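Novice: Before anything else, here's the structure in question.
The values are calculated or read from the model by the stated rules, or taken from the named source; none is laboratory data. Because the structure is a prediction, the values reported are computed rather than measured. Here the Cβ positions follow ideal geometry from the backbone for every residue, glycine too, while neighbour counts run over all protein chains shown.
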Amino acid sequence: MDATFQFRTATPEDLEQLSRIAFDSKAYWGYPEAWMQAWRPLLTIGPKDLKELQIELLESGGEPCGFFALTRSQPMSELMHLWLEPAQIGRGAGRLLAERLCECAIALGASSIELDADPHATGFYEHLGADHIGKTPAAMPGAPERYLPRMRLRLDA
């Protein structure tokens, strides 16, 4: 791992920053403001998430720059969040998050990770080796026929 990046488990003190990273990362793709506001509750990381999910924070120079949140289930874990500061997109930090994500899932006893991919992140997950296994309805105002790709990343491959 690049010496400027470090991982650690998220704490209650990180919640506001995690939520900001999630919101800023989603907004990076230019979604309509109405959609962003509708997603705000889903992009808000709270104390319940810390209790129920494995949340790992990526820091660069001591500052949070990305994170993921994973269910602690077997044999399949669910990726609930994977977000990067927009300035880190395309710079390799996503690959670091993905590697750590897989390590954590394996340590939790999972043999695969499933996720609903943001359409803009589909190529990222495909590059990691994830397969398309379906689609999840995700209607939004002005886009009633919207779907998210459902993907699976096998960890035993």
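Novice: If I ask for residues that are part of a strand (DSSP E or B), of a type outside the set (Lys, Arg) and closer than 26 Å to residue 95 by Cα, which ones from the range 126-143 would you list?
Specialist: Hits for the range 126-143 are 131, 132, 133, 134, 136.
Novice: Any residue in the range 22-31 that is in contact with a strand residue (DSSP E or B) (Cβ under 6 Å, 6 or more places away or on another chain), in contact (Cβ under 8 Å) with a residue 40 or more places away in the chain, buried (at least 19 other Cβ atoms within 10 Å of the Cβ) and not in a loop (DSSP other than H, G, I, E, B)?
Specialist: Quick first cut of the range 22-31, residues in contact with a strand residue (DSSP E or B) (Cβ under 6 Å, 6 or more places away or on another chain) only: 22, 25.
Add one more test, that the residue is in contact (Cβ under 8 Å) with a residue 40 or more places away in the chain, and what stays is 22, 25.
Right, trim to buried (at least 19 other Cβ atoms within 10 Å of the Cβ) and you get 22, 25.
Still in the running and not in a loop (DSSP other than H, G, I, E, B): 22, 25.
Taking every residue of the range 22-31 in turn, at least one turns out to be in contact with a strand residue (DSSP E or B) (Cβ under 6 Å, 6 or more places away or on another chain), in contact (Cβ under 8 Å) with a residue 40 or more places away in the chain, buried (at least 19 other Cβ atoms within 10 Å of the Cβ) and not in a loop (DSSP other than H, G, I, E, B).
Novice: Next up: Pull out all pairs, ordered by first then second residue, where Cβ-Cβ is under 7 Å, the residues are six or more apart or on different chains, the first lies in the range 112-127 and is of a type in the set (A, V, I, L, M), and the second is assigned to a loop (DSSP other than H, G, I, E, B).
Specialist: 113/155
Novice: Have a look at 73, 77 and point out the one that is polar (S, T, N, Q), in contact with a Gly (Cβ under 9 Å, 6 or more places away or on another chain) and in a loop (DSSP other than H, G, I, E, B).
Specialist: 73
Novice: Among the numbered criteria (1) part of a loop (DSSP other than H, G, I, E, B); (2) at pLDDT 95 or above, which one does residue 156 miss?
Specialist: Only one criterion is unmet by residue 156, namely (2).
Novice: Report the residue count in the range 99-157 for those that are more than 15 Å from the chain's Cα centre (by Cα), within 24 Å of residue 5 (Cβ to Cβ) and among the aliphatic types (A, V, I, L, M).
Specialist: The qualifying residues number 5.
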